[in-house]
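The values are calculated or read from the model by the stated rules, or taken from the named source; none is laboratory data. Bear in mind that the values here come from a model prediction, so they are computed numbers and not experimental data. A quick note on method: Cβ atoms are made from the backbone with ideal geometry, for glycine too, and the neighbour counts reach across all protein chains shown.
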Amino acid sequence: PQTIYLADYTPPAFLVEQVGLTFRLDPGKTRVISKIEFKPNPDSQSGEFFLHGENLTLIRAAINGQEVTPEVTDQGLTCDVPDGPFTWESEVEIDPAANTALEGLYMSNGMYCTQCEAEGFRKITYYPDRPDVMAPFTVRIEGPEKVMLSNGNPTGQGDGWAEWHDPWPKPAYLFALVAGDLVNHPDRFTTKSGREVALNIWVRPGDEDKCAFGMEALKKSMKWDEDVYGREYDLDVFNIVAVDDFNMGAMENKGLNIFNSSCVLASPETSTDMNFERIEAIIAHEYFHNWTGNRITCRDWFQLCLKEGLTVFRDAQFTADMRSAPVKRISDVIALRGRQFREDNGPLAHPVRPDSFVEINNFYTATVYEKGAELIGMLKRLVGDDAYAKALDLYFDRHDGDAATIEDWLKVFEDTTGRDLGQFKLWYEQAGTPRLSVTDDFKDGTYTLYFKQETPPTPGQPDKAPRVIPIAVGLLNPNGDEVVPTTVLEMTEAEQSFTFDGLSSRPVPSILRDFSAPVIVQRDTTNKERAFLLAHDTDPFNKWEAGRDLARDVLIRMVRDGAAPDSGYLQAMHAMLRDDTLDPAFRALAVGLPSQDDIAQRLHDEGATPDPQAIWEAGETLRQTLAQEMQDTLPRIYAQFQVTDPYRPDAEQSGSRSLANATLALLTRLDGGAQAQRQYDSADNMTQQLAAWGCLLQAGKGDAATAAFYDQWRHDRLVVDKWFSLQIVHDDPATAVETCAALTNHADFNWKNPNRFRATLGALAMSPAAFHRADGAGYALLADWLIRLDPVNPQTTARMCTAFETWSRYDNARQAHARAALERILATPGLSRDTNEMVARILG
Ligand code: B3K
Ligand code: ZN
């Protein structure tokens, strides 16, 4: 397979003025007729006319009305073309029904649907399928379907046809078409300048009652982007479609967002509070792409973080505004550590802006998305809120209609602030998570913080230059008062110190407040100091972080030294849980433990070989001990945070439920599941029902609820996904592999549906002690299924290979099992480019 390099970028030889497409829909034989106005690109020297095309049957091609016979390969076609502008026409046949890869035009439950990002449009027709070729599209769809949608505004429809026109020039990856027997949930929005926009969520008949929440989220997003970024919607309609078979969460096609049904359909009975929050965030994310991604797109796929990092940052700001900012920040950092730090510290580490790839679909990663968003947050912190707002205005002004680069992005900040962002750019170019070690010193009223930054080598990047790191710091008096409020220290050297004068006593530092940079802080400190910060820090993030550090330290001592759970930690947690001045959602987060994966990574960093089973057991023991420590408090908190009002998925109610359910999980360790069973029996919403069932499973008392849950929900595919996944996640790691294997034999295990596959095999991959079982059974089962799925759906297969990315942390026997599984995948004849690249990188 060929490697593509950022350094090899050249501008397109031809630009497109207009695209006209006609689709004659037929499941096995869809005809796509294109008429495209090309003109030579004055910025290109090449002159070669090349159109991408894959799995297309070319019926006919013409230039300026004259039939031509292009040279066709399995990648595309070339053809002699006249000087100057010309009209290209082609007719191709494609087979949507056979398209199980879910890329290009495919079918899901009898409905036609497209997914073109990153390079799926070339499976629909011959086209320069690259994001720097932007054009207005006119689309005609012919077929018997009741509803036929494409991008832009509707321009006409009749018996068996519909026409759409999208006036905004767009790259082909934003093209979309949907056709099927769909029903809509309609609404309206009036933009700030008075444009009336018709809004619709399109779903399969029967799902109409699950659209209201998504619609509210859409309207809030539209309003928020006007208020906060001054960005208004620019078409007369905005359509969202829910589809069951989808490789990822959702897609921001211009005016026609397509969603995995799990990321838009919601009802209190079938969706948890977390589902609601995620749906709101994803709807916002895709909507925000209209400006950051669509109006301003990426020059090439190396610039993916230009749209994704910025849009994740914007959706996080939105959620923080709609809900609780500290809770959102803490949850995001938990996710960042769980997925991005893990990636950044393993064989798949790559820069936020990669400089090469084999298959671009393999780079829709936590690094591009979540670390990409962290970089925007750092930039904002460095230049300040006002300069950030000005820079964004300039970005939208200067680059509207462009296919832009990270250089363009940084330049608007440089032009706004006069700052040189050369060093900041390293964050886009260097992979790896910097380690920030901190020591301090107090003398004659002066407190000094010494910082040292170091980034471990990552694949292809042995040496790293120091980066600019915004370190938000506050200082507390020993009595708990804040003596120095949050100050951003700007570290630019490999080693650097900062002083604070005029202090009467040695302060306690609160470092990296609000998680001001995606780094790992290393500091020798005491659990006494951590408990002090947990009690007194004014920064909610660091308050939570202090508890997390404590828990991590306790767990590591338990695993490494066989120590007993530390009583200081237990008391601090107990005090925190009882503190009614604290937000319940915060308390629920604070009482949680660091992930097993996090502990494994820390042990590995210390040079130890982590034992996944021992880590799991330590977590169990610690939870049991916490439950005993808090046994008098748990029933009170559980009762206090029962919600009696009608269900609302807002921050307030979901915060109460999350604390009550965190308490229930601990209570279950004391009462063997009695309370959980009562909650299960009386639950009238999925949050309560699922939490209770999870507790019962954990306690080994789940059998009756497992059967009842299935009977109740077997008709609802999204709930059945939960049914598959929870049985594995809450199983004993000794048997979870067998549970997973048995579920793959269940009649409802439709493995070609990505949601169901992820609910089952993905659940195993997310359970470290089970997946990394000493006998290699977890590795073998996943490898079996990845080998089976690869020819059907390479994208989902490749993505799930990341389960193996930590394999080299473990002992020799486990490594040998993992290597055998990976080599078995790699040796599969006809393995996709996607999976081949992933496994080869993981093996290193
Ligand atoms: N841009 C899409 C992701 C496309 C993934 C292609 N393999 C969704 C999003 O980030 O909003
Ligand atoms: Zn996105």
Mind checking which residues of the stretch 232-279 are more than 16 Å from ligand 1 (Cβ to nearest atom) and of a type in the set (D, E, K, R)? E232, D234, D236, D244, E269, D273, E277
Residues that are in contact with a Leu (Cβ under 7 Å, 6 or more places away or on another chain) and under 20 Å from T458 (Cβ atoms), drawn from the stretch 804-839: F804, E805, L822, V839
Of the residues in the stretch 256-279 that are part of a helix (DSSP H, G or I) and under 20 Å from N184 (Cβ atoms), the one that is nearest to ligand 2 (Cβ to nearest atom) is C263
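Does L577 satisfy being surrounded by 21 or more Cβ atoms within 10 Å (Cβ to Cβ), in a helix (DSSP H, G or I) and touching a Phe, Trp or Tyr at 6+ places or on another chain (Cβ under 6 Å)?
Values: surrounded by 21 or more Cβ atoms within 10 Å (Cβ to Cβ): yes; in a helix (DSSP H, G or I): yes; touching a Phe, Trp or Tyr at 6+ places or on another chain (Cβ under 6 Å): no.
No: the conditions fail for L577.
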The condition of being free of Cβ contacts under 8 Å to residues at least 40 places away in the same chain and of a type in the set (S, T, N, Q) holds, among S654, S658, S682, only for S682
Give me the strands (runs of 3 or more DSSP E) completely within the stretch 1-70, filtered to those with at least 3 residues that are under 18 Å from P131 (Cα atoms) and not assigned by TED's automatic domain parsing to the domain that holds R833, ordered by residue number. 14-24, 30-40, 50-52
Of the conditions (1) under 29 Å from F137 (Cβ atoms); (2) away from ligand 2 (no atom under 16 Å from the Cβ); (3) crowded, with 21+ Cβ neighbours inside 10 Å, the single one that S221 does not satisfy is (2)
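Pick from N99, N64: which is in contact with a Phe, Trp or Tyr (Cβ under 6 Å, 6 or more places away or on another chain) and surrounded by fewer than 17 Cβ atoms within 10 Å (Cβ to Cβ)? Spell out how you get there, then give the answer.
Values: N99 fails: surrounded by fewer than 17 Cβ atoms within 10 Å (Cβ to Cβ).
After ruling out the rest, the residue left standing is N64.
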If you go through the stretch 337-383, how many residues are closer than 23 Å to E117 by Cβ and in a helix (DSSP H, G or I)? 18
Do you know which of the residues in the stretch 280-316 that are more than 13 Å from ligand 2 (Cβ to nearest atom) and acidic (D, E) is farthest from the chain's Cα centre (by Cα)? D300
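Filtering the stretch 31-47 down to residues that are of a type in the set (K, R) and under 18 Å from I63 (Cβ atoms), which residue is farthest from the chain's Cα centre (by Cα)?
Of all residues in the stretch 31-47, those of a type in the set (K, R) come to 31, 35, 39.
Still in the list and also under 18 Å from I63 (Cβ atoms): 35, 39.
On the way: K35: 37, K39: 38 Å.
Ranking the qualifying residues of the stretch 31-47, first place goes to K39.
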Only one of (1) under 30 Å from Q522 (Cα atoms); (2) touching a strand residue (DSSP E or B) at 6+ places or on another chain (Cβ under 7 Å); (3) in contact (Cβ under 8 Å) with a residue 40 or more places away in the chain; (4) not β-branched (V, I, T) is not met by D402, so which one is it? (1)
Just checking, which of A391, A403 is within 16 Å of ligand 1 (Cβ to nearest atom) and crowded, with 19+ Cβ neighbours inside 10 Å? A403
Yes or no: the stretch 736-752 includes at least one residue that is of a type in the set (D, E, K, R), within 30 Å of G776 (Cβ to Cβ) and either free of Cβ contacts under 8 Å to residues at least 40 places away in the same chain or not in a loop (DSSP other than H, G, I, E, B) (or both). yes
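Could you check, for the stretch 765-776, whether at least one of its residues is without any contact (Cβ under 8 Å) to a residue 12 or more places away in the chain, more than 28 Å from Q115 (Cβ to Cβ), part of a helix (DSSP H, G or I) and not β-branched (V, I, T)?
No, the conditions are met nowhere in the stretch 765-776.
Among the candidates T297, T311, single out the residue that is assigned to a strand (DSSP E or B), at pLDDT 95 or above and either under 14 Å from D408 (Cβ atoms) or within 11 Å of ligand 1 (Cβ to nearest atom) (or both). Outline the logic, then answer.
Working: T311 fails: assigned to a strand (DSSP E or B).
Being assigned to a strand (DSSP E or B), at pLDDT 95 or above and either under 14 Å from D408 (Cβ atoms) or within 11 Å of ligand 1 (Cβ to nearest atom) (or both) holds for just one of T297, T311, which is T297.
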Within the stretch 99-111, is even one residue free of Cβ contacts under 8 Å to residues at least 60 places away in the same chain and in the same structural domain as T138 (by TED's automatic domain parsing)? yes
All but one of (1) under 30 Å from F121 (Cα atoms); (2) surrounded by 22 or more Cβ atoms within 10 Å (Cβ to Cβ); (3) away from ligand 1 (no atom under 15 Å from the Cβ) hold for D355, so report the exception by its number. (2)
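Going by the structure shown, is R758 closer than 23 Å to V243 by Cβ, away from ligand 2 (no atom under 16 Å from the Cβ), in contact (Cβ under 8 Å) with a residue 40 or more places away in the chain and surrounded by fewer than 22 Cβ atoms within 10 Å (Cβ to Cβ)?
yes
Provide a single number: the residues in the stretch 72-96 that are surrounded by 15 or more Cβ atoms within 10 Å (Cβ to Cβ) and out of contact with any helix residue (DSSP H, G or I) (no Cβ under 9 Å at 6 or more places or on another chain). Steps first, please.
From the stretch 72-96, those surrounded by 15 or more Cβ atoms within 10 Å (Cβ to Cβ) are 72, 76-77, 79, 81, 86-96; that's our starting set.
Next, only the ones that are out of contact with any helix residue (DSSP H, G or I) (no Cβ under 9 Å at 6 or more places or on another chain) stay: 72, 77, 79, 81, 86-93, 95-96.
The qualifying residues number 14.
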From G346, G338, residue being closer than 16 Å to I520 by Cα, in contact (Cβ under 8 Å) with a residue 60 or more places away in the chain and surrounded by fewer than 21 Cβ atoms within 10 Å (Cβ to Cβ): G338
Residue tally, condition in contact with a Gly (Cβ under 8 Å, 6 or more places away or on another chain), modelled with pLDDT of 95 or more and not hydroxyl-bearing (S, T, Y), over the stretch 510-527: 1
Here are some conditions: (1) more than 24 Å from T155 (Cβ to Cβ); (2) away from ligand 2 (no atom under 12 Å from the Cβ); (3) not in a helix (DSSP H, G or I); (4) not basic (K, R). E216 meets all but one. Which one does it not meet? (3)
If I282 passes every condition in (1) of a type in the set (V, I, T); (2) surrounded by fewer than 24 Cβ atoms within 10 Å (Cβ to Cβ); (3) under 19 Å from E429 (Cβ atoms) but one, which one does it miss? (3)
